[in-house]
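Student: Have a look at this one before I ask anything.
The values are calculated or read from the model by the stated rules, or taken from the named source; none is laboratory data. As the structure is a computational prediction, the values presented were derived from the model and not from experiment. Ideal geometry is used to build each Cβ from the backbone, glycine not excepted, and the neighbour counts take in all protein chains shown. The area values use the complete protein model at the heavy-atom level, side chains included, leaving out ligands, DNA and RNA. Shrake-Rupley method; radii C 1.70, N 1.55, O 1.52, S 1.80 Å.
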Amino acid sequence: MPDVLSQSQIDELLKNLGGADEKTLENMTDNLNEKQVKVYDFKAPKKFTKEQFKSIRNIYESFSKTLSSYLTSLTRFFCRVEVLQIEEQHYYEFNNALPDYTVMGNLDLIFDEASDMLDTKCMIQFSNAVSFSLIDRLLGGYGKSIDVSRNFTDIEIRVMKSVIEKMGLYLKDVFAPYVDVEPLLTNIETNARVNQTIGADEVIILATLEVEYNDVKNIITITVPALSMEAIISKANKSYNADSNRSKKELMHKEGIIKQISRSNFKIEAILANTTVNLSEILSIHKGDVLLLNAPIEKNISLMVNNEKLFDGKMGIINHRKAVKICNVYDIRR
């Protein structure tokens, strides 16, 4: 097709376009409207990439496996914990969606001084169905799902405190490969409207875990400030890169050693067999005499490398030269 259209070609093109009926145009418009358009807030741009979200999900999936085992032993029911969603949002958006009364454990994440990270906050929130079920089960009940909205008693708060303290220890374990942190439970809050441990406008990473056991199926959420989570992920990436570089250096060093060793010279001896004679027999040996050896003719000979047996073989001739065919290789790593 030429780069420049003639007038006749332009007229023909306009004529064809003008011949499209209204139904075709409507179908084209409907197809455009059906396309999913994702709304992007330029005032609050997202800070995390898909790769970072993947790393965060790996952390919480490891935590969910540990939590599943803990709740199974705690309730004596098989418990399944699964990561439903990892999302980035403002704390006030999350707080506004909470019921008036819910169990929220506020923890201080105290990082090791060597990590050069500032201490931060973490919040573990239980849905009421999970909270009342755990309380009922730990106090001798059947652990039935009870989703009611009321304030919690001092005894109920004390029961949930022990559960959240244990979960804090598991958080320490899952963060251990990335950074040394000591989660410390500071208080239990049951009123979502007065819990302001994290700034309202602060961006958080919200992990939603689905808990299922007996007839209970509801959620537990874990909230960590986005800046702190970003620092943890960066530590993880640096650790991964350092391990990769260390592995590459160790591999190159190993290959260098093997290359140097491969140039070494070794003495190889082929041992047919052994026999014992006394001195008088040696003195009486003449040309044409035959010595009987202690091995049958079909037995393999031994190949010695620096006086160590490493191979078995059979004697033969190749190109008018005596040769040995390797029949067995011993483990030289022993």
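Student: How much of Asp154 can a 1.4 Å solvent probe reach, expressed as accessible area in Å² and rounded to 10?
Tutor: Accessible area of Asp154: about 130 Å².
Student: Using 0.36 nm times the number of residues separating Asn187 and Glu113, minus their current alpha carbon distance, what extension gain do you get?
Tutor: 24.2 nm
Student: At 0.36 nm per residue, minus the direct Cα-Cα distance, what do Glu269 and Glu250 gain on full extension? Give it in nm, one decimal, please.
Tutor: Here the answer is 3.4 nm.
Student: For the range 55-126, which chymotrypsin sites (Phe, Trp or Tyr not before Pro) are in a loop by DSSP, counting at most 11 other Cβ atoms within 10 Å?
Tutor: Phe78
Student: List the pairs from Lys54/Lys144; Lys259/Lys309; Lys161/Lys217; Lys121/Lys144 whose alpha-carbon separation is above 27 Å, in the order I gave them.
Tutor: Going by Cα-Cα distance, Lys54/Lys144; Lys121/Lys144 fall outside the 27 Å limit.
Student: Set the bar at 19 Å for Cα to Cα. Now go through Lys172/Lys235; Lys65/Lys235; Lys299/Lys322 and name every pair that lies beyond it.
Tutor: Those over the limit are Lys65/Lys235.
Student: How many nm is it between the label spots at Lys259 and Lys287, if each spot is 7 Å from the Cα in line with the beta carbon?
Tutor: Output for this residue pair reads 5.4 nm.
Student: Rounded, prolate or oblate, given the Cα gyration tensor of the range 77-147, with a/c below 1.5 counting as rounded?
Tutor: Cα axes put the range 77-147 in the prolate bin.
Student: Test of understanding: what is the full-extension gain from Met315 to Thr153, defined as 0.36 nm times their sequence separation minus their Cα-Cα distance?
Tutor: Once the chain is fully extended between Met315 and Thr153, it gains 49.2 nm.
Student: Once you sort the root eigenvalues of the Cα gyration tensor of the range 43-99 as a ≥ b ≥ c, which label holds: rounded (a/c under 1.5), prolate (a/b larger than b/c) or oblate (the other case)?
Tutor: Cα axes put the range 43-99 in the oblate bin.
Student: Here's something else I'd like to know. As a test of the definition: which semi-axes, in Å, follow for the range 103-240 when you take the square root of five times each eigenvalue of its alpha carbon gyration tensor? Largest first, please.
Tutor: 29, 16, 14
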